[in-house]
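S.K.: Before I ask anything, let me first share the structure, which is written out below as structure tokens.
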Amino acid sequence: MSAGIDLGVRLGIGELMAAYADCIDDDRLEEWPDFFGDPCRYLITDRDSHEAGLKHGVIYCASRGMLVDRVTTLRRVLMFEAHRYRHLVGPTRILTVQGEVAETRTNVIVARIMRDGATGLFATGRYLDRIDVGREPYRFIERLVVLDSQKIDTLLVIPL
Amino acid sequence: MSAGIDLGVRLGIGELMAAYADCIDDDRLEEWPDFFGDPCRYLITDRDSHEAGLKHGVIYCASRGMLVDRVTTLRRVLMFEAHRYRHLVGPTRILTVQGEVAETRTNVIVARIMRDGATGLFATGRYLDRIDVGREPYRFIERLVVLDSQKIDTLLVIPL
Amino acid sequence: MSAGIDLGVRLGIGELMAAYADCIDDDRLEEWPDFFGDPCRYLITDRDSHEAGLKHGVIYCASRGMLVDRVTTLRRVLMFEAHRYRHLVGPTRILTVQGEVAETRTNVIVARIMRDGATGLFATGRYLDRIDVGREPYRFIERLVVLDSQKIDTLLVIPL
């Protein structure tokens, strides 16, 4: 049970999760790196690779500069808005809060909406996060996006 | 951060969101207008129209009477139960509480279940709400349903 | 409104819901019976059957022993991992807390990820629960999984 966790921390983490999803879904990608500390670790991988202990992934960034680069590249590649995401996150489980670092996991389902309106289930998985809750706004020290399917292809240009 | 918001208000808003979804999913549509104040504003639109500042939508109601009319019509059109919805709402972000009015946004995914059992992802989007939290039960002053896809067609008879 | 419910109980119930989903999604099915009291009632049914008052279902267990049997059988039938689930639960509505028993309902969407990576919307519905909140860890006295579609076929081997 995690009932002993301060309510303010709990609410702050919930807000971080929702704000992060909104940032991407609203296509405000230039603000996306601000959700991370520096250095940081952002990784999109699949469950099999994660369970095998592999440290690489489809997308990997180790600093805020790499996150910024990612957005810059993405804006050049996507000449116009090809698609959008809609994140739906489930309730966040706070596993531990040690010092100023919270460790959490959150289920997520992402729908993709193509420019012509076609909507489909794009990805499902889990965020495994380490969050700096020592000061506001809270930031991700580490965000692992562990997808259930390894079938995430080249269409994955927008962060999850 | 919205940590300063009264916990009772926060819980009451959460309950409103869930009760609203249950009302529709349970096909208790006659109770649906009771979730709104009078006058009110209920609008289903798509993201492009919303961002362009357009005030119209696929469904638009400006009073509780219009909401009641909507249900009456719907019951006449749908001679038998053609389909049902299942709403899944994400965590609600409370942007502001000013006086007795809370402004919130909530992601939502709606699945549609046809009479023969076929299930599909029907709609994704966001509720942009203004809620009267001055007395219980809380009611919507304004509920904008901003869908991600503009492909919402004539099949949209049941409110979202 | 359910604002009067103790916050610790509310958080504990939230944790139970998330931990249950994680247990299944992580394929730790041997731990699944531990979420239930003994005797208990676990039932997967569809909405029509539930509304008609039928007490049977696609899966029915009345004791922890039956839950254990279910997992044993399942492990024998599924020689290798055929598929996985990803649960996304919505906010839990706590209807009543009487004595040590909480009555709740929670919307759920389940995605299924096949071994080859293909992902689809598998099931939608609602958990109707009675939970023993008298001691920790909380356990289900009764968990009814009421699915929206009656099209749940023989592929349903993993619990929901």
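The values are calculated or read from the model by the stated rules, or taken from the named source; none is laboratory data. No experiment lies behind these values; they were computed from the predicted model shown. FYI the Cβ positions are ideal-geometry reconstructions off the backbone, even for glycines, and counts take in every protein chain you see. When the accessible area is computed, the model is the full protein with side chains, heavy atoms only, and any ligands, DNA or RNA have been set aside. Shrake-Rupley method; radii C 1.70, N 1.55, O 1.52, S 1.80 Å.
S.K.: Using a label point 7 Å beyond Cα on the Cα-Cβ vector, give me the inter-copy distances for B:Glu30 in nanometres, one decimal, shortest first.
M.R.: Result, one decimal in nm: 5.4, 5.4.
S.K.: Calculate, for A:Arg115 and C:Arg135, the FRET efficiency according to 1/(1 + (r/R0)^6) with r their C-beta to C-beta distance and R0 60 Å; round to the nearest 0.05.
M.R.: The pair A:Arg115/C:Arg135 has a calculated efficiency of 0.65.
S.K.: Then there's this: So, counting K/R as plus one and D/E as minus one, what does the shell of residues with Cβ under 13 Å around B:Ala62 add up to?
M.R.: For residues surrounding B:Ala62, the net value is +2.
S.K.: Follow-up question, since we're still on this one. Please find the FRET efficiency linking B:Tyr60 to A:Asp26, where r is the Cβ-Cβ separation and R0 is fixed at 25 Å, and quote it to the nearest 0.05.
M.R.: Using R0 = 25 Å, I get an efficiency of 0.60.
S.K.: Another one. At C:Glu103, with labels set 7 Å past Cα in the Cβ direction, how many nm apart are the copies from this one, shortest first?
M.R.: 4.0, 4.0
S.K.: Return the equivalent ellipsoid semi-axes of the stretch A:19-67 as a descending list in whole Å, where each equals the square root of 5 times an eigenvalue of the C-alpha gyration tensor.
M.R.: After scaling each eigenvalue by five and taking roots: 23, 14, 8 Å.
S.K.: Would you mind calculating the relative contact order of the stretch C:110-152 from Cα pairs under 8 angstrom and at least 6 residues apart, reporting the percent as a whole number?
M.R.: Normalised by residue count, the contact order of the stretch C:110-152 is 33 percent.
S.K.: Then there's this: How far apart, in nanometres, would the label points at C:Glu51 and A:Ala82 be if each is projected 7 angstrom from Cα along the Cα-to-Cβ direction?
M.R.: 4.3 nm
S.K.: Given the options A:Gly99, A:Gly125, A:Gly37, state which has the largest fluctuation in a GNM of chain A using a 10 Å cut-off (strictly under) for Cα springs.
M.R.: A:Gly99
S.K.: As I understand it, the value is the acute angle between the Cα axis of helix B:7-25 and the longest principal axis of the Cα atoms of chain B; what does it come to in degrees, rounded to 10?
M.R.: Helix B:7-25 sits roughly 10 degrees off the main axis of chain B.
S.K.: Which order do you get for A:Asp27, A:Asp6, C:Asp22 if you rank them by accessible area with a 1.4 Å probe, largest at the top?
M.R.: Result, largest first: A:Asp6, A:Asp27, C:Asp22.
S.K.: Now for a separate question. Considering chain B as a Gaussian network with a 10 Å cut-off on Cα pairs, which listed residue, B:Ala18, B:Ala102, B:Ala123, attains the greatest mean-square fluctuation?
M.R.: Ranking B:Ala18, B:Ala102, B:Ala123 by mean-square fluctuation puts B:Ala18 first.
S.K.: So what is the accessible area of the protein assembly as shown per residue, in Å², with the probe set to 1.4 Å?
M.R.: So the protein assembly as shown comes to 42 Å² accessible per residue, rounded to a whole number.
S.K.: Quick one: net charge of A:Glu30's neighbours, Cβ under 13 Å, K/R +1, D/E -1?
M.R.: Taking every Cβ under 13 Å from that of A:Glu30, the sum is -1.
S.K.: Only residues of the stretch B:1-41 count here: report those whose backbone N is under 13 Å from the spot 7 Å along Cα→Cβ of A:Leu7, or say none.
M.R.: Counting backbone N atoms under 13 Å from the label point, the list is B:3-12.
S.K.: Specify the residue with the greatest mean-square fluctuation among B:Val89, B:Val145, B:Val77, computed from a Gaussian network of chain B linking alpha-carbon atoms under 10 Å apart.
M.R.: Of the options given, B:Val77 has the highest mean-square fluctuation.
S.K.: Can you list, shortest first and in nm, the gaps between the label point of A:Ala82 and those of its counterparts in the other copies, using a point 7 Å from Cα in the C-beta direction?
M.R.: Here the equivalent label points are 3.6, 3.6 nm apart from this one.
S.K.: Right, next: Roughly how tilted is helix A:64-77, in degrees to the nearest 10 and between 0 and 90, from the longest Cα axis of chain A?
M.R.: The angle comes out near 20 degrees.
S.K.: Continuing with the same structure: Got a number for the accessible area of B:Asp48? Probe 1.4 Å, square angstrom, nearest 10.
M.R.: The accessible area of B:Asp48 comes to roughly 60 Å².
S.K.: At 1.4 Å probe size, with no ligands or nucleic acids counted, give the accessible surface of B:Ser49 in Å², nearest ten.
M.R.: Approximately 20 Å² for this residue.
S.K.: Check each of the trypsin sites (Lys or Arg not before Pro) in the stretch C:2-44 and keep only those in coil by DSSP with at most 16 other C-beta atoms within 10 angstrom; list them in order.
M.R.: Sites meeting the loop and neighbour criteria: C:Arg28.
S.K.: Report the equivalent ellipsoid semi-axes for chain A in whole Å, largest first, defined as the square roots of five times the eigenvalues of the gyration tensor built from alpha carbon atoms.
M.R.: Three semi-axes, in Å: 25, 17, 16.
S.K.: Per residue of A:108-116, count partner chain C-beta atoms within 10 Å of its C-beta, then hand back the mean as an integer.
M.R.: Average neighbour count from other chains, rounded to a whole number: 5.
S.K.: Here's something else I'd like to know. Within a 10 angstrom radius of each residue's Cβ in A:36-43, how many Cβ atoms of other chains show up on average? Whole number is fine.
M.R.: That average works out to 0.
S.K.: Can you give me the solvent accessible area of A:Ile109 with a 1.4 Å probe, rounded to the nearest 10 Å²?
M.R.: So the heavy atoms of A:Ile109 present about 10 Å² to solvent.
S.K.: Tell me: how much accessible area in total is hidden between A and C, 1.4 Å probe, Å², nearest 100?
M.R.: 2200 Å²
S.K.: While we're here: Mind listing, in residue-number order, the residues in the stretch C:87-104 that have at least 30 Å² less accessible area with every protein chain present than in their own chain alone (1.4 Å probe)?
M.R.: The answer is C:Leu88, C:Val89, C:Pro91, C:Arg93 - residues whose exposure falls by at least 30 Å² when every protein chain is included.
S.K.: Could you please state how large a percent of the accessible area of the stretch C:32-106 is carbon and sulfur, counting protein chains only and using a 1.4 Å probe?
M.R.: That share works out to 55 percent.
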